[in-house]
Amino acid sequence: MDADAVPKSKIGRCLRKERKQLELLCRENGIVYFYTEGSGCLDVISKNGRWKIVDENPHNRIWLYHKNLRGQNPDDFVLGYHDQNVCRHSLMAYFQYIINHDKYREENPMSRPKKKRDRYYYRNKKMMYRRRMKKMMDHFDSMLIVAE
């Protein structure tokens, strides 16, 4: 990003102000994020999930969305993600929410399905998701090594 250019979105402006602190926080907690200027959307991959931080201009507010694991709702603003219904004043606060959410999920896993066939279905789905996330994290790690 050009040093003199003014980012168009609220996320871009926040990212520009908080970049160093975010990079440190992400490194400590195993989080990767991607931002494309003008998209108004910050993609975040954490240990236990995928997130989108979206700038919605009409409301001048930043929204946090979490990737759905149990199905999709066609009414969601970001398809495949659900709104977390949190409002923070900085990207650091959103990232801290993500970290806390991951810790909670590790300590309190979702309840198991009652039927045996459903347990197998969700177990296989969970294993496939973990493999996919591991491949993505390995790919991003290799990209970071090449970039350095």
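Computed from the coordinates by the stated procedures, all read-outs in this text should not be read as laboratory data. None of these values were measured; they are calculated from a predicted model. All Cβ positions, glycine included, derive from the backbone under ideal geometry; neighbour counts span all protein chains shown.
For the reader, a short list of remarks on this structure follows.
- A Förster radius of 30 Å combined with the Cβ-Cβ distance from residue 47 to residue 90 puts the calculated FRET efficiency at roughly 0.90.
- FRET efficiency, 1/(1 + (r/R0)^6) with R0 22 Å, evaluated for residue 100 and residue 129 via beta carbons: 0.60
- Local electrostatic count, residue 29, Cβ distance below 10 Å [Lys/Arg +1, Asp/Glu -1]: +1
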